[in-house]
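Below is one structure, written out as structure tokens; comments come after it.
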Amino acid sequence: MKFGILTSGGDCAGLNAVIRAIGLYLLRNVKNAELVGIPDGYGGLIRGESFPLKKEDIEDILPLGGTVLGTSRQPFKKMTVSEEGGTRLSRMVANYKKMGLDCLFTLGGAGTHKTAALLSMEGCNVIGVPKTIDNDIYGTDVTFGFRTAVEVVTDAIDRISTTAASHGRVMLVEVMGNKAGWLTLHAGIAAGAHVILIPEIPFSLDAVCGAVSARLAAGEKTTMIAVAEGALLASEAKFKKDERVFVRTALGESTVTRHLAEVIGERTGAETRYSVLGYLQRGGTPCAYDRLLCSRLGGYAAKLAAEGRFGVTAAVSGGDITFNALSDIAGKYKFVDPAGGDVQFARGIGVCFGE
Ligand code: F6P
């Protein structure tokens, strides 16, 4: 049997660990298994490119950051648009057949899973593995890469907290997460942030400045504020995403963090600074939890392939590894529940969500 693997969308720690686990399982357990890597995510499949993956290519890559296959973003909405040579979808299906694949593993986030579901509907044997630092894939308790990013962001906030304390400053730390605030919420709680702002809970400037002023009045000069890049003002919540982006672009802002730092400074008199953590959240070696999770998810996905179970994606449910049908999860997201346990707990210990 011939198996293809691709990694698609924004990278994260653990992609190589999953590639390794899939490959080692198949090479060991499936007779005459042949493994190929497809470069640059769906981009490579659209172009019809692949290269052989041997045991020696994958056995030592477990701790490596990034992806040895390369990745790219291929917008879902462009998949079915007619172009020269057919739609991207039709080219991928044709190349899947031309390569002689019996199964394609797609390691990716919500967008990757949407395209994987399309490929599956077109008759390709696809198995997904849920990746993203955003942890926003529907149907799985956790995605690989998330825990590593939580560690990185927690460490960053810890470090910024010590300089904030030295200077008696209000510090804003911008964390990745455009649609979902899981990373900001978990790292914010883990690092003891005083204010946590996430897309699921639109915030008011009055509430955030009020929290900072209250701390100043209590003699606490330092306030740590964790801001998800997709956090939005309650006044922006009524706009659609495109309209919000348009207004922010006109103001020269892509996120709300710098604006918020300025307003806090003006209104409270506190000295404010902000840091945008950016891509360091996606790079580097996976933490031990992710290495274990990636090995389990990869091995499980490979076992599904060996059993001929396709059109699915591996998932974590209550500590067990399981799977969901791609058709059940494609196009859906998992958001932080503002009334859920994590938020309630944080509120209970005094964290302000800007409401
Ligand atoms: O992959 C998820 C993510 O890291 C988001 O948190 C972030 O908004 C986005 O990717 C950044 O994407 P890009 O790599 O295209 O700049």
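The values are calculated or read from the model by the stated rules, or taken from the named source; none is laboratory data. Computed from a predicted structure; not experimentally measured. Cβ sites come from the backbone with ideal geometry, for glycine too, and all protein chains shown count toward neighbours. Areas reflect the complete protein model, heavy atoms only, side chains present, ligands, DNA and RNA absent. Shrake-Rupley method; radii C 1.70, N 1.55, O 1.52, S 1.80 Å.
Numbers for the structure displayed
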{"item": "Residue in the stretch 62-69 that is at pLDDT 95 or above, within 26 Å of PHE323 (Cβ to Cβ), out of contact with any strand residue (DSSP E or B) (no Cβ under 6 Å at 6 or more places or on another chain) and not in a loop (DSSP other than H, G, I, E, B) present", "result": "no"}
{"item": "Residue that is nearest to ALA165 (Cα to Cα) [pool: residues in the stretch 241-262 that are open to solvent by less than 60 Å² (accessible area, probe 1.4 Å) and within 16 Å of the ligand (Cβ to nearest atom)]", "result": "THR257"}
{"item": "Scan of the stretch 213-240 for residues that are within 16 Å of the ligand (Cβ to nearest atom) and part of a strand (DSSP E or B), ordered by number", "result": "ALA226, VAL227, ALA228"}
{"item": "Unmet requirement for GLY265, which otherwise passes all of (1) open to solvent by 80 Å² or more (accessible area, probe 1.4 Å); (2) assigned to a helix (DSSP H, G or I); (3) in contact (Cβ under 8 Å) with a residue 24 or more places away in the chain", "result": "(1)"}
{"item": "Unique match (being in contact (Cβ under 8 Å) with a residue 60 or more places away in the chain and farther than 21 Å from PHE335 by Cα) among GLY111, GLY100", "result": "GLY100"}
{"item": "Residue in the stretch 147-160 that is outside any strand (DSSP E or B), open to solvent by 10 Å² or more (accessible area, probe 1.4 Å) and among the small types (Gly, Ala, Ser) present", "result": "yes"}
{"item": "Qualifying residue in the stretch 161-180 (condition: part of a helix (DSSP H, G or I) and either within 14 Å of the ligand (Cβ to nearest atom) or touching a helix residue (DSSP H, G or I) at 6+ places or on another chain (Cβ under 7 Å) (or both))", "result": "no"}
{"item": "Residue check for THR322: assigned by TED's automatic domain parsing to the domain that holds ASP134 and among the polar types (S, T, N, Q)", "result": "yes"}
{"item": "Residue within the stretch 126-134 that is within 15 Å of the ligand (Cβ to nearest atom), in the same structural domain as LEU69 (by TED's automatic domain parsing) and either within 16 Å of MET79 (Cα to Cα) or open to solvent by 20 Å² or more (accessible area, probe 1.4 Å) (or both) present", "result": "yes"}
{"item": "Leading residue by the ranking (surrounded by the fewest Cβ atoms within 10 Å (Cβ to Cβ)) among those in the stretch 277-290 that are more than 17 Å from ASP158 (Cβ to Cβ) and in contact with a strand residue (DSSP E or B) (Cβ under 9 Å, 6 or more places away or on another chain)", "result": "GLY278"}
{"item": "Verdict on THR106 being within 16 Å of the ligand (Cβ to nearest atom), under 21 Å from GLY284 (Cβ atoms) and touching a helix residue (DSSP H, G or I) at 6+ places or on another chain (Cβ under 6 Å)", "result": "no"}
{"item": "Residue check, GLY340 modelled with pLDDT under 95, closer than 23 Å to HIS186 by Cα and open to solvent by less than 60 Å² (accessible area, probe 1.4 Å)", "result": "no"}
{"item": "Filtered residue count, the stretch 192-203, keeping only those that are away from the ligand (no atom under 16 Å from the Cβ), touching a helix residue (DSSP H, G or I) at 6+ places or on another chain (Cβ under 9 Å) and open to solvent by 20 Å² or more (accessible area, probe 1.4 Å)", "result": "2"}
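Here's the yes/no breakdown for (1) within 16 Å of the ligand (Cβ to nearest atom); (2) of a type in the set (Val, Ile, Thr):
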site	(1), (2)
TYR42	yes, no
PRO52	no, no
THR67	yes, yes
ARG73	yes, no
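Each row is one residue, and each column tells you yes or no for (1) open to solvent by 40 Å² or more (accessible area, probe 1.4 Å); (2) under 26 Å from the mean Cα position of the chain (by Cα).
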residue: PRO75; (1), (2): yes, yes
residue: GLY86; (1), (2): no, no
residue: PHE105; (1), (2): no, yes
residue: GLY109; (1), (2): no, yes
